[in-house]
Structure formats: C-alpha cells, structure tokens
C-alpha cells in the first residue's frame with residue numbers, strides 16, 4: 001500500500017468516526033466512546049506486547065490508577081486537564097517499577113508477575129475505603145468543560161474522546177517510527193542480537209512498560225468522566241484479559257490492530273444482540289475460529305489476501321546483476 005493510499009484510507013476512517021454517532025441515541029454513543037477508550041488502552045498493550053514482546057496482564061490496573069487519580073482530583077475541584085497528567089505520571093512511574101521483573105523473567109513467568117500486580121491493585125482499591133470508597137466506589141465526577149467547548153452531553157464528549165484518541169494515535173505512530181520503535185522490535189525479535197548491536201535492552205524494556213502503562217492511564221482518565229462512577233470491579237483481571245484479546249484479535253504488532261480488536265470486543269457483541277440469548281455463543285465461536293485460522297489477527301487476513309491476489313514481483317539478485325552488466 002502506497003503512502004498516498006494509506007493516508008486516504010486513514011482520512012476515510014476518520015470521517016466515518018466523525019459521522020458514526022450522528023443521529024444515534026445516548027446508548028450507541030456510549031458504546032462508540034467506549035470503543036475509542038479501550039482502543040487507547042489496547043494501543044498501550046500493543047506497544048508493550050506487540051512491538052516489544054513483553055507480555056502483560058496488568059493493563060486494567062493502569063486504567064484503574066489513571067481513573068482513580070483523575071476521579072479523586074476532579075472531585076477535589078481540579079480541572080480534568082490538570083488531573084489527567086498527574087494520573088499519567090503515576091502510571092509512568094509504576095510502569096517503570098513493573099518493568100523491572102521483565103529484566104529477569106520472561107514468557108509465562110512475566111505474565112504471572114503482571115497478573116499478581118493487577119490482583120494487588122484490585123485488592124487495594126477494594127480494601128482502602130478511606131481513599132477509594134471500597135466496593136461503593138466513587139461517583140459524580142464531572143465531565144471536562146473546555147470553556148468554549150463543553151463535553152457535558154454524550155455527543156460532545158464523544159468528539160472530545162475522539163480528539164484525544166487521534167492525538168494519542170499520532171504520538172503512538174511517532175514512537176513506533178522512531179529509533180525507539182525499531183529498538184522495541186529488535187527486543188521482540190531477538191534480545192541477545194539486539195544487545196549485541198548496541199541496543200540498551202534494559203532501558204528499552206522499562207520504557208516499553210512505562211509508555212504502555214501511560215496509555216492505560218489515559219484510557220482510565222477518560223473512563224472516569226464517561227461513566228461518572230468507578231469501582232474496583234471495573235478494573236479486575238477480566239478486563240486485562242479483555243484488552244489482551246483486543247490486541248491479539250486485531251493484530252499484535254500492527255498499528256491499526258488495537259482499533260480493529262476493540263471494535264470486535266466492544267462493538268460486535270452489540271451487533272449480535274438481535275440473536276438474543278445466542279449472541280455470546282456466536283461471538284465466542286467467531287473469535288475462536290479467527291484465532292485458529294488467522295493467529296496473526298484480523299489484519300493478518302488482509303495480508304494473506306494481498307499476497308494471494310496482488311503478489312509482489314520479486315526479481316532475482318543475479319538477474320539484476322546481469323541486467324546491469326548489459
């Protein structure tokens with residue numbers, strides 16, 4: 001796909017995102033906003049897992065840190081634009097700390113470490129009632145008022161979330177195209193070879209966790225004003241597994257993977273609700289079939305179709321040499 005074609009597709013998708021909520025009820029707008037927010041969370045995990053190859057089952061815990069920090073500060077009178085960076089900074093610091101076990105353990109051992117961390121955060125949120133409200137949670141967080149633009153209603157808040165998502169996606173694009181992005185990929189493919197080529201694998205591993213955690217915190221900061229009620233159950237291990245499913249289904253290590261995966265996990269069940277009690281069975285079966293036949297995710301389907309119908313013509317190196325000699 002040429003650069004011009006890629007930019008055209010992005011422009012069309014962005015236009016569809018702008019037009020999608022028009023004329024819809026509050027519930028549909030809520031679902032679309034949830035899709036955008038979970039796409040941001042999946043972007044962070046995609047950086048940690050898909051690009052850097054470091055498995056994490058703690059993304060929901062960083063959503064919790066961002067959500068509760070933003071909620072507590074906004075309830076105390078802070079503006080969302082001031083409270084949100086504090087939550088992101090805390091997520092960055094905690095992500096750095098969580099990245100240290102990745103320097104010693106890999107694979108399923110690292111998955112268990114991050115799983116334990118997610119459980120720890122959940123227990124703290126549930127038991128420290130003096131701070132988090134415990135099982136009763138926090139309620140009444142205001143939506144951001146940007147002076148000339150108020151996001152109090154559903155549709156304006158959707159466009160506010162869309163704007164934040166576009167900014168987060170542009171930053172993500174810049175990261176994966178930067179030397180850091182190439183270092184992340186080198187770490188994923190072969191850590192020993194990456195280190196032999198001069199990549200500081202220790203620093204890159206910590207950055208992968210820290211930056212991915214910031215995206216989780218940003219998603220949590222947006223969840224807070226969306227639902228205006230948060231409680232520990234909203235950030236348990238099941239939600240981390242849901243975000244992991246988004247990354248795997250969409251296509252781990254692909255830029256658009258989180259958006260496609262979040263659409264499948266968030267939007268597809270709503271589309272299938274006309275089947276009444278069978279929609280979860282159909283949804284689960286579709287996901288299983290896809291993971292069996294297309295383990296690289298839905299973006300992998302496009303790659304297979306492209307290679308089949310529009311194969312690239314490869315010229316042998318010796319033929320090129322012969323052509324130059326003539």
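Data for the structure
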| read-out | value |
| --- | --- |
| Selection count where residues are more than 15 Å from residue 216 (Cβ to Cβ) and assigned to a helix (DSSP H, G or I), scope segment 87-113 | 11 |
| Enumeration of residues in segment 159-175 that are touching a residue at least 24 places away in the same chain (Cβ under 8 Å) and either surrounded by fewer than 19 Cβ atoms within 10 Å (Cβ to Cβ) or more than 20 Å from residue 54 (Cα to Cα) (or both) | 159, 161, 162, 164, 165, 166, 168, 169, 173, 175 |
| Residues of segment 220-237 classified as out of contact with any strand residue (DSSP E or B) (no Cβ under 8 Å at 6 or more places or on another chain), within 17 Å of residue 135 (Cα to Cα) and in a helix (DSSP H, G or I), total | 6 |
| Hits in segment 257-295 - residues which are modelled with pLDDT of 90 or more and part of a loop (DSSP other than H, G, I, E, B) | none |
| Close pairs from segment 98-123: first over 22 Å from residue 204 (Cβ atoms), partner outside any helix (DSSP H, G or I) and modelled with pLDDT of 90 or more, Cβ under 7 Å, at least 6 apart | 115/57; 118/57; 118/58; 122/236 |
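The values are calculated or read from the model by the stated rules, or taken from the named source; none is laboratory data. All figures in this text were calculated on a predicted structure; none of them were measured in a lab. FYI the Cβ positions are ideal-geometry reconstructions off the backbone, even for glycines, and counts take in every protein chain you see.
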